[in-house]
Amino acid sequence: MRLNEENESPAQINIVPMIDVIFAILVYFIVSTLSLTRLESLPVNLPGASTAQVQDAPPVTVSLTQAGTVAVNEQTVPMGEVQKRVRALVPAGQKAVVVINADRDANYGQVVAIMDQLRQIPGVRIAVATQRP
């Protein structure tokens, strides 16, 4: 009997299942935090685009509803004050991404007017929100 005990390999702890569980928990938290970043907008029906890419959480969101209501970070503003409100939110001399959430049935002229106002702010990059079909 002594011979069998010597030939047995020492006990080992297999950590692969533990790594799998930790990775699954990490993925869950990453996905759940990404879903929380879209809370700064008005409810609009976004147009679809198959080439849409996920962007980092933007500090400023400009929303345009089908009825023509304009909001900057969920605060309704007149069309002429979009630039003023965004300038107040973007730190001077820093680059920022401003996402335009325009309803698919919104007036195209209003979208262009908003983009024109945003282009006049130095350091602002414009992104148009879409959703994958």
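Taken together, the values in this text are just the output of simple stated rules run on the coordinates, not laboratory data. Here the structure is a predicted model, which means the values were calculated and not measured. FYI the Cβ positions are ideal-geometry reconstructions off the backbone, even for glycines, and counts take in every protein chain you see.
If packing is taken as the average number of other Cβ atoms within 10 Å across a peptide's residues, how do 98-111, 76-89, 18-31 rank, most packed first? Walk me through the numbers on the way to the answer.
On the way: 98-111: 16.7, 76-89: 15.1, 18-31: 9.8.
Peptide ranking by packing, descending: 98-111, 76-89, 18-31.
What does the charge count near ARG87 come to, summing +1 for each Lys or Arg and -1 for each Asp or Glu among other residues with Cβ under 15 Å from its Cβ?
Numbers: positive: LYS84, ARG85, LYS95, ARG119, ARG125; negative: GLU81, ASP116.
Neighbour charge sum, excluding ARG87 itself: +3.
Can you tell me how much longer the chain between LEU26 and MET79 gets when fully stretched, taken as 0.36 nm per residue apart minus their C-alpha distance, in nm with one decimal? It would help to have the intermediate numbers written out before the result.
Working: separation 53, 0.36 × 53 = 19.08 nm, distance 4.21 nm.
14.9 nm is the gain from fully extending LEU26 to MET79.
Once fully extended, how much extra length lies between GLN94 and ALA49, figured as 0.36 nm per residue of separation less the alpha-carbon to alpha-carbon distance? It would help to have the intermediate numbers written out before the result.
On the way: separation 45, 0.36 × 45 = 16.20 nm, distance 2.93 nm.
Length gained between GLN94 and ALA49: 13.3 nm.
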- One computes Rg over Rh for the range 86-133 from alpha-carbon atoms, with the Kirkwood Rh, and obtains 1.01
